[in-house]
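Following: one structure in structure tokens, then a few remarks.
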Amino acid sequence: MDAMLTLPTDATMGTIHPTSFVDHRAQIGAGVTIGPFCTVGANVAIGDGTTLVSHVVVDGHTVIGAGVTLFPFCTVGLQPQDFKYKGEPTRCVIGDRTHIREHCTIHRGTVTGRGITAIGSDCLIMAVAHVAHDCALGNNVIVANNAVMGGHVSIGDFAVIGGAAAIHQFVRIGRAAMIGGVSGVEGDVIPFGSVIGNRAHLAGLNVVGLKRRGFDKAQIQRLYIAFRVLYRQGGVFADRLAEARERFGTDPLVAEVLAFIDADSHRGMMRTE
């Protein structure tokens, strides 16, 4: 790998520590700081004002947004842990202002999947978390320490993944859902849902998250009643789904949950106990 050890002295161009190796073909934005012992590959683009603190590796066809912070010993865009991967030029994208903490691993996509692993803007991926190939995380997602996800996982905006949670391949996590710590998640989680347990079950709604997102009491109450209709004991789920659609289908939050349930799923829906 060709090394570029220094940048021009213009402050807008940022700095690269002399112990770091940056391929001369990499695209480095204005005001980027690359600390000691980092490695940046040829096909990497790093947005303005981003910081690689130290000992960071970014490789592959990877785009890092503006204002991102990559903390020590995290790796972004390396090849996936998939025997079917044969070196294809798949991608990895990190959105603006996202923080990737120490020892996180984020792998690029595969041609048998979406071809891209994507993390949105304003996310926080805490230490030692793993984002596998072909995962798609929305904006404002928080992934706590030691959480791991298999390939092809989808996580909606404002979702929170608790520490040491494990999310199975192809699982979908809906918008503003909450996954409790040390939960094993094998099925899809509805938007605004809250799951916990090993193996995890749907425990209710993420009411705290709904309040934080600014939804008012009446909106939350309607969603709660619809939830009770969908997940009450007895009867056939298809009938309960039809009832919820008839009674609450015009409510925007309920409609989002119903659309999520209607969508194709590899893993099936997470249910209550």
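Structure notes:
- In plain terms, if you count all Cα to Cα distances in region 11-152 and split them into 5 Å steps from zero, the share in each step is 3, 12, 21, 27, 20, 13, 5, 1, 0 percent.
- Residues of region 188-206 with amide N under 11 Å of the 7 Å Cα→Cβ point at Glu243: none
- In percent, rounded to a whole number, the relative contact order of region 27-85 is 30, using alpha-carbon pairs under 8 Å and six or more apart.
- Springs between Cα atoms under 10 Å define the GNM used for the chain, and in it the highest mean-square fluctuation of Gly214, Gly65, Gly156 occurs at Gly214.
- The modelled label-to-label distance between Ala255 and Thr19, using points 7 Å beyond Cα along the C-beta direction, is 5.6 nm.
- Region 192-273: C-alpha gyration tensor shape, a/c 1.5 cut-off, then a/b vs b/c: oblate
- Theoretical ellipticity at 222 nm over the chain - DSSP helices of four or more residues, -39500 (n - 2.57) apiece, nearest 500: -5000 deg cm²/dmol
- Computed over the chain with a Gaussian network model linking Cα atoms closer than 10 Å, the most mobile of Asp216, Asp122, Asp134 is Asp216.
- DSSP-loop chymotrypsin sites (Phe, Trp or Tyr not before Pro) across region 44-99, with at most 15 other Cβ within 10 angstrom: Phe83
- C-alpha center-to-center spacing [region 213-273, region 140-208] in angstrom: 17
- Extent along principal axes [Cα atoms of region 11-59; Å; largest to smallest]: 22, 20, 14
- For the chain, modelled as a GNM whose springs connect Cα atoms under 10 angstrom apart, the maximal fluctuation among Thr15, Thr110, Thr50 occurs at Thr15.
- Cβ-Cβ FRET estimate between Phe37 and Arg212, R0 fixed at 30 Å, reported to 0.05: 0.20
- As a length-normalised measure over Cα pairs under 8 Å and 6 or more apart, the relative contact order of the chain settles at 8 percent.
Each value in this text was obtained by applying a stated rule to the coordinates, not by laboratory testing. Since the model is a prediction, treat every value here as computed from it, not as a measurement. We place every Cβ from the backbone using ideal geometry, glycine too, and count neighbours over all the protein chains shown.
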